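Below is one structure; the comments refer to it alone.
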Amino acid sequence: MKYLSILFIFAPIAILGELLHWPAVVVFIASALAVIPAAGLMGRSTEALAAHTGPRLGGLLNATLGNAAELIITLFAIRAGLLDLVKASITGSIIGNVLLVMGMSVLLGGLKNGVQRFDRTQAGVNATQLLLAVAALMIPSLFFFAHTETNGPVESLSLGTAVAMLVIYVLGLLFSFRFASPEPALGIEVEAEEHSTWSTRTALLVLLGATVLIAILSEVLVGAVEETVQMLGISEFFIGIIVVPLVGNVAEHAVAVQTAFKNKIELSMAVSLGSSLQIALFVAPLLVFISLLMGNPLTLVFNQFEIVALFVGVLIAAFVAQDGETNWLEGAQLLTVYAIVALAFFFVPV
Amino acid sequence: MKYLSILFIFAPIAILGELLHWPAVVVFIASALAVIPAAGLMGRSTEALAAHTGPRLGGLLNATLGNAAELIITLFAIRAGLLDLVKASITGSIIGNVLLVMGMSVLLGGLKNGVQRFDRTQAGVNATQLLLAVAALMIPSLFFFAHTETNGPVESLSLGTAVAMLVIYVLGLLFSFRFASPEPALGIEVEAEEHSTWSTRTALLVLLGATVLIAILSEVLVGAVEETVQMLGISEFFIGIIVVPLVGNVAEHAVAVQTAFKNKIELSMAVSLGSSLQIALFVAPLLVFISLLMGNPLTLVFNQFEIVALFVGVLIAAFVAQDGETNWLEGAQLLTVYAIVALAFFFVPV
Amino acid sequence: MKYLSILFIFAPIAILGELLHWPAVVVFIASALAVIPAAGLMGRSTEALAAHTGPRLGGLLNATLGNAAELIITLFAIRAGLLDLVKASITGSIIGNVLLVMGMSVLLGGLKNGVQRFDRTQAGVNATQLLLAVAALMIPSLFFFAHTETNGPVESLSLGTAVAMLVIYVLGLLFSFRFASPEPALGIEVEAEEHSTWSTRTALLVLLGATVLIAILSEVLVGAVEETVQMLGISEFFIGIIVVPLVGNVAEHAVAVQTAFKNKIELSMAVSLGSSLQIALFVAPLLVFISLLMGNPLTLVFNQFEIVALFVGVLIAAFVAQDGETNWLEGAQLLTVYAIVALAFFFVPV
């Protein structure tokens, strides 16, 4: 975490570059790098707040603000009309969490600690929840493929699906709070002790500051996307599916991997599965509603590739999570699937 | 069960409406409502017969007559050439059982009784059997999508698949009879004690009467479908996938939910999984053969949507069933998937 | 095994037929039948060698030469430009192993020995590995379907995927060698005792002789394919997906079934799952590289049908393998899926 702070020097570079009209690639890379520590700070302040408010409200804070950085970036992208990038970043966040983060955690945790065991109940609930989320994301898309002629029903269907997703997300939180072990199941309070030195006031100020900074950086980042895409010859889709999710979650990813390394695989999987659930069942439907209010309605229509990647990724993760134990080979398997998927995304024509 | 009897008053209304040429919607709704208690009566008489014949023959009776009401309705629909409605009602019955009925059972049973545990062996066998059934239903459809030019092979493939399905259905029954616990695994003898007051003679007469009544109501119902579809602006497909399965199985559904509420989740899941297996591996192939004899050959070609709904529904149900325990959240998850699927079906263009 | 030796009389018939220009069907059938005992001999000599070299090197020998017969046939097919046949034989080998061989083993083993139990850990690892392999095989195909206009990226993507597959195959071998029980997990040393009478020298000579014989027979077989296809009215695809995998693996299949019959279901499943893993993660990528060197680049683009068959077959096998016990019904289920898939393949237009 500390080492990431050095990336803050890219914040003034990004803003300066934007004002002085530096090449878009430079502005893009600088703002992307600067988002990393800002998102990390946002996560830490959320946890510090959660430590002060008690487990219930704290869990709720983590459940709603855990992916706030990515939410802010995608809101700016919606305003700029980059809907494909927004949808790609939803897909990328989910598979990034279940394949890359979980894969790295299971691989390193397994190499260090041998076979790691955990309670199957919560992991099973999360895996089913994730499978449901993917099903919910698939259905409007498949509807669209089968009946492309009409756009109206797809929007209504997306809205209805979004409502259903939010309902089951809230029920899932209720279930975790009431039935789960004292350890948090969906939130990220791993390093709570270290942060509890921050007072509520400090935490709120840091949260506010980080939010403003991310908003500014998002505006800069999104503004530089189109030109960057043209210059580098990579697709907007690739930026959405690989770059945005990485940038918004590096700090969180680091926590998940460290936790697995410390032989707390259960907590590590709660972080990675929980974060992807939050994106799928909370952020995605929220974006549907907000985008409608912003006049740029986002439908839950993903391309065939995203659907296959989501389905395959979640299915394999569910298989790994379900038997209650992990080993390094399973981590390597998850990473292999991620590598193949990322390679395929890279080759998608611009 | 008793409360459903009141719906019998719709039987004369439906028949009268048909004779006096009332609006099709009225006739359709009245006949649909009247089928509910008639199907329930049919189920009760089958169970009463089964109670007299001993477990083996009784299990066989349940295994063949358990979905007789729906079989009758679909036969009339085949005669009227409504093949899409027939196929939709097969899909709808399967996902209705594994998502709606099982979901409601697991949700209410879990809220009342907390975590409910059951023996994994039979549930695992049923889940694999169901996955196999869905694979069998998918393969001719995918064949058709890939090679639309020729119709002949699809019919032959449907027939061959139907034979394979019947064989594995019979083997599944044999397995259940020989290896399962004394409690019925595929049949519905839940309330056998209450019904055993009916003599064989009474049961046979009731069975005959209910069959005749359902036949008449089916004729009326099917005759009113097309006009109803036009007047209400909903699709024939929606009627097939949501309305027909509901109407033919309300009584059975009520039994499954009550059983879960009484903390007999194993029996409840045997009812819902068993009923969907019966539709998939017994009723569907039977319809293929009978439709051929009737000159309106039904192929096992489902639309993309039905296939996705079947696959996703059965996969999630298999995940829920497989770990040997259920909780209310899993019930809510199944119902959420059903709601999203039903919503999508509702928006399918007329 | 011994009874298969009689098929050697078809070797001279095939070669004679080729030289004397007998009808292609005769040459095709004779060479196909003669491959069976030659492949069996190759397997025995590999195992005899492995018995002399110690478990590590022996495991490696089995892991690389276990499907050598099929590798040789497909190399000749690549040289002849029959790329569809090659890809079909990869698909056919995988589903043949997980559905036909595993199905037969589980069915006969279950009928003889009742419920058979085994350690879930290695079976679970193999099942996840297989799911990963299928995902890896699917992704380039789906990429191709979505972006048919460009061929270049698909080749690059196939190469990248092939590298990833080989890496995870080697990691999987390492995992098995280090963590597995003393019994072989991926190889086929079942009858090692019987063969240990062969000296290293004899084994090497037999291996060399069998390889040369298979190479000659493969040339004859591949040369007769096109004419046979036209005469019999079956598709090249059907020969690739059903005939080639059967011919190359009969001996191995017999071992797997015998082992299950002797109540060693764990070893039997290691053989069938291990062999399909070897095809998917070792033979398939190897063919991608070799075909590129031969100037007839093979891409990992399978048709929709193969993908569905692979996915459904592996998913059902994973469900069967995962709970750590098998019964005869599960065997019948696997065989039923194989029968339906084979029927569908049979009807694919020439």
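Here the extension length gained between B:Thr53 and B:Val163 equals 36.8 nm, from 0.36 nm per residue of separation less the Cα-Cα distance. For chain A, a/c is less than 1.5, where a ≥ b ≥ c are the root eigenvalues of the C-alpha gyration tensor. That puts it in the rounded class.
Each label was represented as a point 7 Å from its Cα along the Cα-to-Cβ direction; for C:Leu204 and B:Leu19 these points are 9.7 nm apart. Close amide H contacts of A:Phe302 (hydrogens built in the peptide plane, cut-off under 5 Å, sequence separation of 5 or more or a different chain): A:Ser141. Take B:Phe145, move 7 Å from Cα toward the beta carbon, and the resulting point lies 0.6, 0.6 nm from the same point in each other copy, nearest first.
With Rg and the Kirkwood Rh both taken from Cα atoms, where does Rg over Rh land for the stretch C:1-124?
Details: Rg = 17.9 Å, Rh = 17.3 Å.
With Rg and the Kirkwood Rh in hand, the quotient comes to 1.04.
Restricting attention to chain A, lysine pairs at least eight places apart or on different chains and with alpha-carbon atoms under 30 angstrom apart total 5. In order along the stretch B:156-164, the phi-based Karplus estimate (6.51 cos²θ - 1.76 cosθ + 1.60, θ = phi - 60°) of 3J(HN,Hα) comes to 4, 5, 4, 5, x, 5, 4, 4, 4 Hz; Gly and Pro are listed as x.
Copy-to-copy label distances for C:Glu226, where each label lies 7 Å from Cα along Cα-to-Cβ, are 5.3, 5.3 nm in order of increasing length.
Can you tell me, using C-alpha contacts under 8 Å and at least 6 residues apart, the relative contact order of chain B as a whole percent?
Values: 549 pairs, mean separation 137.9, N = 350.
Across chain B, relative contact order equals 39 percent.
With a simple spin-label model that places each label point 7 Å from the Cα along the Cα-to-Cβ direction, the separation between C:Thr197 and A:Leu174 comes to 7.3 nm.
According to the square roots a ≥ b ≥ c of the eigenvalues of the Cα gyration tensor, what is the shape class of the protein assembly as shown, taking rounded for a/c under 1.5, prolate for a/b larger than b/c otherwise, and oblate for the remainder?
Details: a/c = 1.55, a/b = 1.00, b/c = 1.55.
Oblate is the answer for the protein assembly as shown, as a/c is 1.5 or above yet b/c matches or exceeds a/b.
Rounded to the nearest 0.05, what FRET efficiency do A:Phe289 and B:Glu226 have when you use their Cβ-Cβ distance and R0 = 35 Å? It comes to 0.35. The mean sequence distance of close C-alpha pairs (under 8 Å, at least 6 residues apart), as a share of the length of the stretch B:37-177, puts its relative contact order at 14 percent.
Once the Cβ-Cβ distance between A:Asn296 and C:Phe145 is put in as r, and R0 is 25 Å, what FRET efficiency do you end up with, to the nearest 0.05? Could the numbers behind the result be given before it?
Values: r = 30 Å, r/R0 = 1.18.
It comes out at approximately 0.25.
Per residue of chain B, the DSSP helices (runs of n ≥ 4 H) give a summed -39500 (n - 2.57) that works out to -25000 deg cm²/dmol at 222 nm. Evaluating 6.51 cos²θ - 1.76 cosθ + 1.60 at θ = phi - 60° for every residue in the stretch C:115-121, the Karplus couplings come out as 5, 10, 10, 7, 5, 6, 4 Hz, glycine and proline recorded as x. Each copy carries a label point for A:Tyr3 at 7 Å from Cα toward Cβ; from one copy, the others' points are 6.4, 6.4 nm away, ordered from shortest.
With +1 assigned to the C-beta of every Lys and Arg and -1 to the C-beta of every Asp and Glu, and no other charges, what is the dipole magnitude of chain B about the Cα centre in debye, to the nearest 20? Could the numbers behind the result be given before it?
Numbers: 12 positive and 22 negative charges, 108 e Å.
It comes to approximately 520 debye.
Between A:Ser156 and C:Ala215, the FRET efficiency from the beta-carbon distance, with R0 = 60 Å, is close to 0.45. Taking the Cα-to-Cβ direction at B:Asn263 and at C:Ser5 and moving 7 Å from each Cα, how far apart do the two end points lie in nm? Going from the B:Asn263 label point to the C:Ser5 one covers 6.6 nm.
Please say if the stretch A:273-350 is rounded, prolate or oblate, where rounded means a/c under 1.5 for a ≥ b ≥ c the square roots of the C-alpha gyration tensor eigenvalues, and otherwise the choice is prolate for a/b larger than b/c and oblate otherwise? Intermediate values should be presented prior to the final figure.
On the way: a/c = 3.32, a/b = 1.57, b/c = 2.11.
Taking the square roots of the gyration eigenvalues as a ≥ b ≥ c, the stretch A:273-350 is oblate.
Counting only other chains, and only Cβ atoms inside 10 Å, what mean value do you get across the residues of C:134-142? Kindly include the intermediate steps, with their values, before the conclusion.
Details: counts 2, 12, 6, 1, 3, 10, 4, 1, 7.
Per residue, the number of nearby Cβ atoms from other chains is 5 on average.
3J(HN,Hα) couplings calculated from phi for the stretch B:338-344 with the Karplus curve 6.51 cos²θ - 1.76 cosθ + 1.60 (θ = phi - 60°) are, in sequence order, 4, 4, 5, 4, 4, 4, 4 Hz; Gly and Pro show x.
Any read-out appearing in this document is the output of simple, stated calculations on the displayed coordinates, not a laboratory observation. Fair warning: this is a prediction, and the values are worked out from it, not measured in the lab. With ideal geometry, Cβ positions are generated from the backbone for all residues, glycine too; neighbour counts draw on all protein chains shown.
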